[in-house]
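To start, I am sharing the structure in question, which I have written as structure tokens.
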Amino acid sequence: MDVRAQWYDALSTRISRRRFDGRSVPPDLRERLEVFCDGANAPAGAPDSPSVEPGAVTAPARACLVDDPAQQLFTGIIGGYGKVTGTPLAAAFIGRAPSGDDVPDDVQAAVGYLGEGFILEATGLGLGTCWIAASFDHVGAAELVDLTPGEQVVAITPVGYPTRDQAAGERLLRTMVKASARLSVEKLAPGILDCDWPRWAVSAVQAARLAPSGANRQPWRFRLDGDSLVMGRAEKLYCTAPIDFGIARLHVELGAQHEGVSGSWTMQSEPDVARFTPAG
Ligand SMILES: Cc1cc2nc3c(=O)[nH]c(=O)nc-3n(C[C@H](O)[C@H](O)[C@H](O)COP(=O)(O)O)c2cc1C
């Protein structure tokens, strides 16, 4: 997947939206999203998945548009978490699991990285989205998507025009999960304010801070190690953490890139997650 510099602007305008006004996505925008899905392959910086056969042409993660005219995919759960209304278009984020097992963490991270690219692309086109990993009809999604053997739909998002004002239920849900609350950069990266962090690393943490995460748990932590930025994990993790780490990796890259720095990731063993090292 090519990381597009214009996604940086979408980082601060994106929020999860669950109520849509029923308008269809115009064909030219739909085409742009299809081009994204066709072009997105194994995400740069994602670990090589041990679950993919050597030489296999299929990437561990992919995205595709899904027409849901009956609007049945978004089932919602208690309190309306995940209940989405008013759009017949969705996107599915798909990962590959070895022989019917659960999708491994590294593939979930690849799904997070690639799916967030889709979300930021859609945001830049003026469309609303919402990562949904729990509260959707998994069987229905698998039927609507042309899955190859071993693939599973890991998460979906609605794609459409959000209502101008948030309905009472949507506002209540955002309050329940404290969707607008973000941990301070100092909490995410102790020392970031009082030591001499390079600008690219500060920008990377600020960008990661804006990332969406399941139930807004923000499971990532950061520290500088030499010239690298290391992503660690919070003490308690929510079930979506592997996807969240992949999402945050894309945000880190966009934040660093905004300060003119590109780099590469190496995966780390627990309690760390991944290390971003600037090129050159
Ligand atoms: C991996 C992932 C899974 C999510 N799953 C759900 C879900 O099942 N239902 C839902 O309503 N929101 C879901 N969300 C949306 C989060 O609640 C939302 O991103 C978080 O509260 C932060 O709010 P924001 O996206 O508006 O910044 C999910 C987000 C992520 C990143």
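Return the loop-located trypsin sites (Lys or Arg not before Pro) in segment 192-280 (DSSP other than H, G, I, E, B) with at most 13 other Cβ atoms within 10 Å of their own Cβ; answer none if there are none.
The qualifying sites are K236.
Give me the percent relative contact order of segment 129-227, please, defined on Cα pairs under 8 angstrom at least 6 residues apart.
Dividing the mean separation by the residue count of segment 129-227 yields 26 percent.
Then there's this: Return the FRET efficiency for the residue pair R164, L193: r is the Cβ-Cβ distance, R0 is 30 Å, and the value is rounded to the nearest 0.05.
Approximately 0.20, to the nearest 0.05.
Could you tally the net charge around V3, taking each other residue with its Cβ under 13 Å from the Cβ of V3, Lys/Arg +1 and Asp/Glu -1? Spell out each step's value before the answer.
On the way: positive: R4, R249; negative: D2, E116, E121, E253.
Local charge sum for V3: -2.
How tilted is helix 105-124 with respect to the longest principal axis of the chain? Cα atoms for both, answer in degrees (0 to 90, nearest 10).
Once rounded, one gets 70 degrees.
What area, in nm² and to one decimal, does the C-alpha convex hull of the chain cast on average over all directions?
Across all orientations, the chain yields a mean hull projection of 14.6 nm².
With a cut-off of 8 Å between alpha carbons and a minimum separation of six or more residues, what is the relative contact order of the chain in percent?
It comes to 21 percent, rounded to a whole number.
So what's the angle, to the nearest 10 degrees on a 0 to 90 scale, between helix 199-209 and the longest Cα principal axis of the chain?
It is inclined by approximately 30 degrees.
Label-point separation (nm) for S264 and C239, each offset 7 Å from Cα along Cα-to-Cβ?
Roughly 3.6 nm, to one decimal.
On to the next question. Net charge near G128, counting Lys/Arg +1 and Asp/Glu -1 over other residues with Cβ under 14 Å of its Cβ? Could you put the intermediate results ahead of the total?
Values: positive: R14, R17, R18, R19, R23, R164, R174; negative: D21, E121, D165, E170.
The answer is +3.
Restricting things to alpha carbons, find the Rg to Rh ratio for segment 115-257 using the Kirkwood radius for Rh.
Result: Rg/Rh = 1.00.
OK, next. Does anything in segment 259-280 have its amide N under 14 Å from the 7 Å Cα→Cβ label point of S228, and if so which residues?
Of the residues in segment 259-280, 263-280 have backbone N under 14 Å from the label point off S228.
Each reported figure results from applying straightforward, stated rules to the coordinates on display, with no laboratory input. What you see is a predicted model, and the numbers here were worked out from it, not measured in a lab. All Cβ positions, even for glycine, are placed from backbone atoms using ideal geometry, and neighbour counts span all protein chains on display.
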